[in-house]
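Notes follow once the structure below has been shown.
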Amino acid sequence: MRLNSARRYAVNHLVTGLAVLSTVLVIVPLVAIMVYLIYKGASSLNLAFFTHIPAPVGEPGGGMANAMLGSGIILALASSMGIPVGIAAGVYLAEYGRGRMLAMAVRFTADVLNGIPSIVMGIAAYSLIVMRQMHFSALSGGVALAIMMVPTITRTTEEMLMTVPHAIREAALGLGVPKWRTVMSVSLRTASPGIITGCMLAFARVAGETAPLLFTAFGNQFWSFKLNEPIAALPLQIYVYAISPYDEWHRLAWAGSLVLILMIMVSVTLVRIYAARGTLKGAS
Amino acid sequence: MSLELEPESSSPPTAPSTQMDAPQLRAPAIVSFVGAAEPAAVEGPPSPIRQYLSKRGNGGLADKTFAAVMLVCALSIFAIVLFILTILILRSRLSLAQFGFGFFVHSSWDPVSGDFGALPFIFGTLATSFLALAMAVPLALGVAIFLSELCPARLRAPISFLTELLAAIPSVVYGLWAVFVLVPIMRDQLGPLLLKYLGWTGFFGGYNFGVGMLTASIILAIMILPIISSITRDIMLAVPTSQREAVLALGATRWEMIRTGVLRNARIGIVGAVILGLGRALGETMAVTMVIGNHPDISKSLFAPGYTLASVIANEFTEATGDLYLSALIEIGLALFIVTIVVNAIARALVWAVTRGAPARVI
């Protein structure tokens, strides 16, 4: 009896130790990646990185300014296509479709779509746009990223709209406000911090995607502002430089990934802060 | 608060701040306001409010239009899936017609002679994914158990934030780190160690370049860890506290409470979380492309270079000469799409079964 209980307590302590060990083992790669990134990236990050386009191979200096601008253009394009559709779908799920089979099917499909590899979206955008136009373009890159953003934004918008108390909606409807006006001015406005948070999350996620851009936006060594031409993108440039044999390009790749990670860290932190205070008290 | 009715006039009490009253309650005032000579009647020229309200309509058309637009956008999710499926099937027609189902069991990939077979890629994908799962699942479960049951409250937020950050790092940054840090470690330290102690198993033969299936599995394990652990944590939190308390009341130690009260109830969901991690590992492109060696070969050794479905698309798509080559690559994309849809659907169904359709984590 005593031996058995001693054994049980021993197992308890052992498992606790294992759980702590596994947490430490998980945190270690993250800290290692961060520290190494900051160490390698900070030494090569300078003003020229943000203002110059890549120098020819073998020449020192150069930067990734065109890649950052290109990423910005592609992301703006993707957001303008993906965010409205995503928010509208989320509004349907939360306001018009509650309890319906169609809404459940849409929710399920959105969840499944979130797990599809991004390269498949790239192939789809390639087949739709690049093959027709016979050239790479920023537009096709934007379309590929927009397709990726829609399910994410749909789910987070729905989640945020579900936290809006029914009492607010009913009060507006009781005052004679039409349903569409209620949704726009009351539900969306109340949930807007959370919805913006969800959009930021989706934005940060697609900002780091490389695979769909490999054969849609394709990359560009120079400044490019046209939507119908190949355009550089930061993650794409990092990939190309990382697998190249030149040390100068490796340096630029480290600096670029530091910029990318900092941007994503800022988004994730903001998301965390907003999520902590975004939900309404006294939900229905 | 009680309502005081003042009986000095025939009209019902009104709020002191309003200037205009409902027409039928204050007929004499309406008469004096509008100027008509009707005595105390409900008919007569309507008040300005009533005129305004009846002119506006009830917004029926706007409501219907708005609802229709929202419905169309929601249906766009289905449209996206159908569109991707159709366009992939359309563009891989050539390869489907040429090779049929033998494409997936044929093991030579020779673009020069037009001989395409996807077996090496299927092997590479499955081997790296399952190896990554084997490495990641115990660690992820440990983290989830620690964060949900054992962690002091002060540490919970920072550690879960760190795990979320781990999930948000882009794949290409993982690949960059793997190429410059993991590959040298693999080549110089870890590889010889494994060969010395585990070489008898026969899985560590061949020359160790640093890049290969094992390195790819390790980086994949690091990448799918946060997903599995965060969804497992959500599932463990969905188990009602009454279950935990019941087991504790019977005199269980903490681990026994976790094992019988929480994990047993959450089994289905945890399986779902693991399958979700598998789905992510199957489709991971960039980090794997950078460290797997990119050689379409099936080999027993874990040090040998391999090739995955996603890597071959990433590497050879822009260099594909000829329609058959491109079509074969798109067929590989189709295979990847169908496999990940099926895996993700099963996983999501399992997770939903436990969390009852609550909005699951997006990552």
Which of the residues belonging to region A:215-250 are under 29 Å from A:Ile153 (Cα atoms), among the aliphatic types (A, V, I, L, M) and buried (at least 24 other Cβ atoms within 10 Å of the Cβ)? A:Ala217, A:Ile231, A:Ala232, A:Ala233, A:Leu234, A:Leu236, A:Ile238
Out of B:Ala246, B:Ala252, report the one residue that is within 13 Å of chain A (Cβ to nearest Cβ), surrounded by fewer than 24 Cβ atoms within 10 Å (Cβ to Cβ) and without any contact (Cβ under 8 Å) to a residue 40 or more places away in the chain. B:Ala252
Conditions first: (1) at pLDDT 90 or above; (2) under 16 Å from A:Val28 (Cα atoms); (3) out of contact with any Leu (no Cβ under 8 Å at 6 or more places or on another chain). B:Glu164 passes all but one, so which condition is the exception? (1)
Which numbered condition trips up B:Ala345, out of (1) facing chain A (nearest Cβ under 9 Å); (2) at pLDDT below 90; (3) surrounded by fewer than 20 Cβ atoms within 10 Å (Cβ to Cβ)? (2)
So is A:Leu37 surrounded by 20 or more Cβ atoms within 10 Å (Cβ to Cβ), within 14 Å of chain B (Cβ to nearest Cβ) and either closer than 24 Å to A:His250 by Cβ or of a type in the set (Val, Ile, Thr) (or both) or not? yes
What's the number of the condition B:Phe116 fails, among (1) out of contact with any strand residue (DSSP E or B) (no Cβ under 9 Å at 6 or more places or on another chain); (2) in contact (Cβ under 8 Å) with a residue 40 or more places away in the chain? (1)
Would you say B:Leu126 is surrounded by fewer than 21 Cβ atoms within 10 Å (Cβ to Cβ) and under 24 Å from B:Gly272 (Cβ atoms)? yes
The residue that is nearest to the other protein chains (Cβ to nearest Cβ), considering only those in region A:8-34 that are buried (at least 17 other Cβ atoms within 10 Å of the Cβ) and under 22 Å from B:Leu220 (Cβ atoms), is A:Ser22
Picked from region B:153-178 (must be of a type in the set (Val, Ile, Thr) and in a helix (DSSP H, G or I)), the residue surrounded by the fewest Cβ atoms within 10 Å (Cβ to Cβ) is B:Ile159
Between a residue in region A:90-116 that is within 15 Å of B:Ala79 (Cβ to Cβ) and at the interface with chain B (Cβ under 7 Å from one of its Cβ atoms) and any residue that is part of a helix (DSSP H, G or I) and hydroxyl-bearing (Ser, Thr, Tyr), which pairs come within a Cβ distance under 6 Å, given they are 6 or more apart or on different chains? A:Ala110/A:Thr154; A:Ile116/B:Thr340
Any chance region A:60-73 includes a residue that's surrounded by 18 or more Cβ atoms within 10 Å (Cβ to Cβ), of a type in the set (A, V, I, L, M, F, W, C), within 14 Å of chain B (Cβ to nearest Cβ) and part of a helix (DSSP H, G or I)? yes
With the condition kept exactly as written, say whether any residue in region B:300-318 is under 20 Å from B:Tyr174 (Cβ atoms), buried (at least 17 other Cβ atoms within 10 Å of the Cβ) and at pLDDT below 90. yes
Checking the structure you have, find out if any residue of region B:188-195 is touching a helix residue (DSSP H, G or I) at 6+ places or on another chain (Cβ under 7 Å), in contact (Cβ under 8 Å) with a residue 60 or more places away in the chain and either surrounded by 24 or more Cβ atoms within 10 Å (Cβ to Cβ) or not acidic (Asp, Glu) (or both). no
Is it true that some residue in region B:192-204 is under 19 Å from A:Val31 (Cβ atoms) and either under 32 Å from the mean Cα position of the chain (by Cα) or in a helix (DSSP H, G or I) (or both)? no
Which members of region A:124-167 meet the condition of being surrounded by fewer than 24 Cβ atoms within 10 Å (Cβ to Cβ), without any contact (Cβ under 8 Å) to a residue 24 or more places away in the chain and at negative phi? A:Ser127, A:Leu128, A:Met131, A:Arg132
Does region B:212-219 contain at least one residue that is buried (at least 20 other Cβ atoms within 10 Å of the Cβ), outside any helix (DSSP H, G or I) and modelled with pLDDT under 85? no
Any residue at all in region B:349-357 that's at the interface with chain A (Cβ under 8 Å from one of its Cβ atoms), surrounded by 23 or more Cβ atoms within 10 Å (Cβ to Cβ) and hydrophobic (A, V, I, L, M, F, W, C)? no
Given (1) among the hydrophobic types (A, V, I, L, M, F, W, C); (2) within 7 Å of chain A (Cβ to nearest Cβ); (3) buried (at least 17 other Cβ atoms within 10 Å of the Cβ), B:Val181 misses just (3)
Determine which member of the set A:Pro212, A:Pro178 is within 11 Å of another protein chain (Cβ to nearest Cβ) and buried (at least 24 other Cβ atoms within 10 Å of the Cβ). A:Pro212
B:Phe130: within 23 Å of the chain's Cα centre (by Cα) and either at pLDDT below 90 or away from chain A (no Cβ under 11 Å) (or both), yes or no? yes
Qualifying positions in region A:232-265 - assigned to a loop (DSSP other than H, G, I, E, B) and within 18 Å of the chain's Cα centre (by Cα): A:Ala233
Out of B:Phe83, B:Phe66, report the one residue that is out of contact with any Cys (no Cβ under 7 Å at 6 or more places or on another chain), closer than 30 Å to A:Arg181 by Cβ and at pLDDT 85 or above. B:Phe66
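The values are calculated or read from the model by the stated rules, or taken from the named source; none is laboratory data. Bear in mind that the values here come from a model prediction, so they are computed numbers and not experimental data. A quick note on method: Cβ atoms are made from the backbone with ideal geometry, for glycine too, and the neighbour counts reach across all protein chains shown.
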